[in-house]
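> Would you mind keeping the following structure in view while I ask a few things?
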Amino acid sequence: MFKWFGKVNYSPYTKVGEFADFLKAGHLMGSRCKQCGAQSFPPRADCDQCMSGDFEWVEISGKGILHTHTKIVAAPTGFEELVPYTIGVVDLEEGGRALAWFGESIAEKEVKIGMAIQLVPQIFEELEEIKVYYSLEKPGTTWAKT
Amino acid sequence: MSRVGIIGIGHGVFGRRSDATVQELAFESFADAVRDAGIERKDLDASVIGSVPEYHKQRSLAGVVQEYLGLVPKPVWLTEVACASGSAAIRTAWMAIKAGVHDMVAVIGCQKMTELSTPEILALMGRVGEVQWESIFGTTFPAYYALFAQRHMHEFGTTREQLFEVAIKNHFYGAMNPAALFRKAITMEKACASEMVSDPLQVYDCCANADGAACIILASEERAKALSDKTVWLDGMGCATASMSVLRRPQLTGLPSAEAAANEAYKMAGVDASAVKVADVHDCFTIAEIMAYEDLGFCKKGEGGKYIQERQAYIGGKTAVNVDGGLKAKGHPIGATGVSMTVEIVKQLRGEAGKRQVPGADVGLTHNVGGIGQYCFVQVLRRD
Amino acid sequence: MDLGIKGKSAIVTGGSRGIGAAIAVGLAREGCNVAVNFRSHDDEAREVVGQIEALGCKGLAVKADVASHNDAQAMVETVVKTFGGLDIMVCNAGINWDGVIWKMTEEQWDRVINVNLKGYFNYNKAAAIVFKDQRGGKIVNISSINGLRGKFGQVNYAASKGGEIAMSKSLARELGKFNVNVNVVAPGMVMTEMARNIPPEFLNKAVDETVLGRIATAEECADVVVYLCSERARHITGEVIRVDGGQYI
């Protein structure tokens with residue numbers, strides 16, 4: 001259910017809602033247009049190239065290069081207990097970009113534009129509700145930690 | 001093709017206006033503009049309101065503002081494109097006059113922001129990016145510009161101090177502007193000591209939320225020539241967009257929408273960047289002004305830091321920028337900003353800017369950005 | 001029914017005798033590697049390991065006092081290292097030390113709570129750490145119908161058995177999102193070592209309470225535990241299943 005995606009989710013109803021179910025099971029999914037083959041991450045149901053609404057899910061590696069980053073100190077509503085947190089924009093290997101938080105495997109002083117990143121699906125552990133997201137980690141980090 | 005000119009201007013005091021409703025704020029600058037133009041309200045054919053409705057408790061703003069201004073039963077509607085709403089209103093009025101539908105239109109940019117708390121404003125503004133894939137990570141408006149700043153510093157070596165130089169300049173001029181929210185100069189020490197908002201942007205890199213309103217009266221060439229001898233002409237009007245999502249921008253060191261809008265405006269006005277003597281650009285953050293110097297062609301790509309460091313943006317430099325204090329010192333009542341910028345440039349081109357006058361200013365420019373660059377409006381104004 | 005747990009690794013506390021031993025062998029029959037702990041009965045522990053290995057699986061006997069937080073952590077780490085992982089945790093080790101409250105010593109209370117309730121906490125915690133990170137696992141805590149009702153002379157036992165039930169429900173909520181099932185089996189009277197010391201009139205009383213007219217064997221309890229550890233029970237969590245022949249309906 002797409003409402004699981006993110007600490008605060010503003011768009012629970014979307015044609016690509018299954019994304020969150022895949023994420024909870026540990027898979028990062030992009031979309032591929034069945035008509036023209038154009039791929040997209042983040043996934044989109046309606047093809048940007050040929051306008052077809054017929055798409056399929058395709059798993060992506062989550063590998064990428066850090067394009068830019070910032071550490072947010074002043075928080076918006078709903079994120080007050082999480083602050084400060086660092087977000088990064090990553091250019092993905094298969095094309096497209098992702099914006100996400102840095103995870104535990106990367107220390108603040110290691111954050112550098114151009115570094116290799118692995119996007120990893122995550123579950124918010126200490127919440128009773130099911131909430132999922134993805135984080136920016138060192139290459140080689142996996143969803144199942146053992 | 002016939003020109004469209006600005007024959008009247010009005011500008012209220014920007015700040016925390018808990019003494020007035022948004023329509024009362026609008027009235028202040030509207031009345032000034034009507035008097036400045038030497039017209040009567042009945043001479044107007046229509047009005048367009050630029051404002052961002054989500055910040056107000058009042059629903060459907062345009063109607064209540066226009067009613068208070070005494071313009072019922074003339075046509076009115078709202079234009080909204082985030083922080084560029086004021087310029088969108090101007091463009092709408094310009095299009096109506098150019099098309100011959102109306103002869104004289106009032107444009108009012110008005111905004112109250114302080115009806116909401118700071119975290120509410122932060123959350124609302126953070127949603128001006130892509131809500132589905134970005135806002136869930138707690139993005140904020142400063143965070144987006146911080147992402148641009150980090151990349152700009154990485155690619156071009158722009159420094160922390162160069163960013164603050166922009167703020168220092170704008171506060172220097174803001175101190176001379178009675179309509180500005182902040183009227184004191186600041187020092188590099190004070191700026192460096194300010195709190196971090198989103199690395200590398202600190203409090204002194206960020207413009208402040210404010211309440212306020214500004215108004216201009218536009219007229220067709222024929223009416224303008226008949227009514228005024230100090231008409232300032234809207235000779236170049238550029239408008240372009242960029243993707244809402246930073247994930248789909250071609251680069252994160254400048255605004256593609258600004259570059260495109262500027263090129264369109266220059267072409268229409270028959271000038272290039274070097275002709276512009278004075279400009280008001282959208283410095284919601286210091287980095288935004290540096291990117292604007294580059295996007296508008298005042299300097300080469302990547303040399304924005306050098307431009308401010310060499311004082312080219314001061315009066316006496318290549319192109320004076322934000323000598324009314326910019327968003328930084330004036331404050332940023334988002335719907336009003338585009339109109340406020342236009343009022344300032346009109347003053348400059350009329351020679352009415354007093355201590356802040358750019359000598360010999362005949363061509364001016366406004367650069368008004370919506371959100372994190374989704375929308376950009378560039379206007380080239382000329383005094384004959 | 002294919003239970004689908006071939007090759008999985010399990011720990012059964014108190015697995016050297018009684019219900020625990022039956023569970024350990026029952027899991028081995030389904031193809032699991034099983035580790036059991038012992039405090040002092042190392043002969044019996046070794047015998048159970050022998051039965052496990054005879055079924056073609058890996059077996060391990062680890063000396064550990066369930067009341068020790070560190071022993072539990074260490075045992076889990078040993079098992080993960082030896083078997084290459086951990087998929088199933090069955091907490092079964094328990095004692096009783098009955099008496100009316102006005103004569104019950106502090107030691108009587110503390111000992112039963114520490115072995116039974118704290119013991120389950122120690123092992124559930126150590127397993128949860130592994131299961132949460134690997135996004136999967138099964139926990140079954142053996143309680144008793146005397147955690148659902150209160151028997152005379154058992155305030156300490158009742159507290160521990162009742163506590164195990166509520167604790168398991170809470171844990172089910174915490175671990176659900178990580179694909180971990182947490183359930184309770186609550187046996188009635190079972191024919192084990194522990195039961196052999198009970199005077200015949202009390203045994204008969206128990207039989208009379210049942211509707212099936214008999215008390216459970218260890219295997220009958222173990223079968224339900226093994227089922228709850230299997231893939232066939234993957235949508236059951238936070239549940240309490242009595243295996244008491246209708247002794248307490």
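Readers should treat all values here as calculations from the given coordinates under stated rules, not as data from a laboratory. Fair warning: this is a prediction, and the values are worked out from it, not measured in the lab. Cβ: placed from backbone, ideal geometry, glycine included. Neighbour counts: every protein chain shown.
> What whole-number distance in Å separates the alpha-carbon centres of the range B:336-384 and the range B:123-145?
Taking the Cα centre of the range B:123-145 as reference, the centre of the range B:336-384 is 29 Å away.
> For the range C:17-32, what does the Karplus curve 6.51 cos²θ - 1.76 cosθ + 1.60, with θ = phi - 60°, yield as ³J(HN,Hα) per residue in whole Hz, taken in order and with x for Gly and Pro?
Once rounded to whole Hz, the list reads 9, x, 4, x, 4, 4, 5, 4, 5, x, 5, 4, 4, 8, x, 8.
> Given chain A, what percent of its DSSP beta bridges are antiparallel, to the nearest 5? Walk me through the intermediate numbers first.
Working: 29 of 32 bridges.
Bridges in chain A that DSSP calls antiparallel: roughly 90 percent.
> If you count the DSSP beta bridges with both ends in the protein assembly as shown, what percent of them are antiparallel, to the nearest 5? List each step's numbers first, then the result.
On the way: 67 of 114 bridges.
Looking only at bridges with both residues in the protein assembly as shown, the antiparallel portion is about 60 percent.
> Turning to a different aspect of this structure: With each label point set 7 Å from Cα along the Cα-Cβ vector, what nm distance links C:Val100 and A:Glu80?
According to this spin-label approximation, the distance is 5.6 nm.
> Now a separate question. Mind checking the angle between helix B:337-350 and chain B's longest principal axis? C-alpha axes, 0 to 90 degrees, to the nearest 10.
Compared with the principal axis, the helix lies near 70 degrees.
> Identify all lysines with a Cα-Cα distance to B:Lys98 below 17 Å; exclude those on the same chain that are fewer than 8 residues away in sequence.
Within the straight-line limit of under 17 Å, B:Lys98 reaches these lysines: B:Lys225.
> Using a 10 Å cut-off on Cβ atoms, rank the peptides C:41-53, B:259-271 from the highest mean neighbour count down. Please list the in-between numbers first.
Values: C:41-53: 17.6, B:259-271: 20.0.
Packing proxy ranking, top to bottom: B:259-271, C:41-53.
> Among A:Gln39, A:Gln49, A:Gln122, which one shows the biggest mean-square fluctuation in a GNM of chain A, springs joining Cα atoms closer than 10 Å?
A:Gln49
> If I take R0 = 25 Å and measure r between the Cβ atoms of A:Trp57 and A:Glu128 in this structure, what FRET efficiency does the formula 1/(1 + (r/R0)^6) give, to the nearest 0.05? Could the numbers behind the result be given before it?
Numbers: r = 29 Å, r/R0 = 1.14.
E between A:Trp57 and A:Glu128, to the nearest 0.05, is 0.30.
> Restricting to chain B, compute how many DSSP beta bridges are antiparallel as a %, nearest 5. Walk me through the intermediate numbers first.
On the way: 37 of 53 bridges.
Once the DSSP bridges in chain B are tallied, antiparallel ones form about 70 percent.
> Same structure again: Starting from the amide H of B:His102, placed 1.01 Å from N in the peptide plane, find each other amide H under 5 Å away whose residue is 5 or more places distant or on another chain.
Correct list: B:Ile97.
> Take every residue in peptide B:195-205, count the Cβ atoms of other chains within 10 Å of its Cβ, and give the average of those counts. Could the numbers behind the result be given before it?
Working: counts 2, 5, 5, 9, 9, 2, 3, 1, 1, 0, 0.
Rounded to a whole number, the mean comes out at 3.
> Based on the Cβ-Cβ distance from B:Ala226 to B:Glu24, what FRET efficiency comes out when R0 is 41 Å, to the nearest 0.05? Provide the component values of the computation, followed by the final result.
Values: r = 32 Å, r/R0 = 0.78.
Once the sixth-power term is evaluated, E becomes 0.80.
> Can you pull the one-decimal nm distance between simple spin-label points at C:Asp42 and B:Cys192, each 7 Å off the Cα toward Cβ?
6.9
> Report the residues of the range B:204-231 in range of a label on B:Asp43: point 7 Å along Cα→C-beta, backbone N strictly under 15 Å from it.
The answer is B:216-231.
> Only Lys, Arg, Asp and Glu count, each charged at its Cβ (+1, +1, -1, -1), so figure out the dipole size of chain C about its Cα centre, rounded to 20 debye.
Details: 28 positive and 28 negative charges, 133 e Å.
So the dipole magnitude of chain C works out to roughly 640 debye.
> Could you name the aspartates and glutamates in cross-link range of C:Lys169, using Cα to Cα under 15 Å and dropping any fewer than eight places away on the same chain?
C:Lys169 reaches A:Glu128, C:Glu239.
> Also, I was wondering about something else. So, in Å, what gap is there between the alpha-carbon centers of the range A:1-40 and the range B:15-55?
45
> Same structure again: Gap in Å between the Cα centre of the range B:240-315 and the Cα centre of the range C:178-249?
77
> What are the residues whose amide H is under 5 Å from the amide H of B:Gly236, where those residues sit 5 or more places off or on another chain and H is modelled from the backbone?
So B:Gly236 has HN proximity to B:Val380.
> Same structure, new question: Near C:Lys138, which aspartates and glutamates are there with a Cα under 12 Å away, not counting those fewer than 8 places off in the same chain?
Candidates past the 8-residue exclusion: C:Asp87, C:Glu231.
> Quick check: the angle from helix B:160-174's long axis to the longest principal axis of chain B, C-alpha only, nearest 10 degrees?
It is inclined by approximately 30 degrees.
> Dipole of chain A, Cα-centred, from +1 at each Lys and Arg C-beta and -1 at each Asp and Glu C-beta, to the nearest 20 debye?
Numbers: 15 positive and 20 negative charges, 53 e Å.
Dipole magnitude for chain A comes out near 260 debye.
> What distance in nm lies between label points placed 7 Å from Cα along the C-beta direction at A:Gln49 and C:Arg173?
Placing both labels 7 Å along Cα→Cβ, they lie 4.9 nm apart.
> Which pairs break 27 Å Cα to Cα here: A:Lys131/C:Lys6; A:Lys63/C:Lys6; A:Lys138/B:Lys328; A:Lys7/A:Lys138; B:Lys57/B:Lys355?
A:Lys131/C:Lys6; A:Lys63/C:Lys6; A:Lys138/B:Lys328; B:Lys57/B:Lys355
> Treating the beta-carbon of each Lys and Arg as +1 and of each Asp and Glu as -1, no other charges, what is the dipole magnitude of chain B about its Cα centre, to the nearest 20 debye? List each step's numbers first, then the result.
Numbers: 39 positive and 43 negative charges, 76 e Å.
For this selection, approximately 360 debye.
> Could you work out how far helix C:200-209 tilts from the main Cα principal axis of chain C, as a 0 to 90 degree angle to the nearest 10?
80
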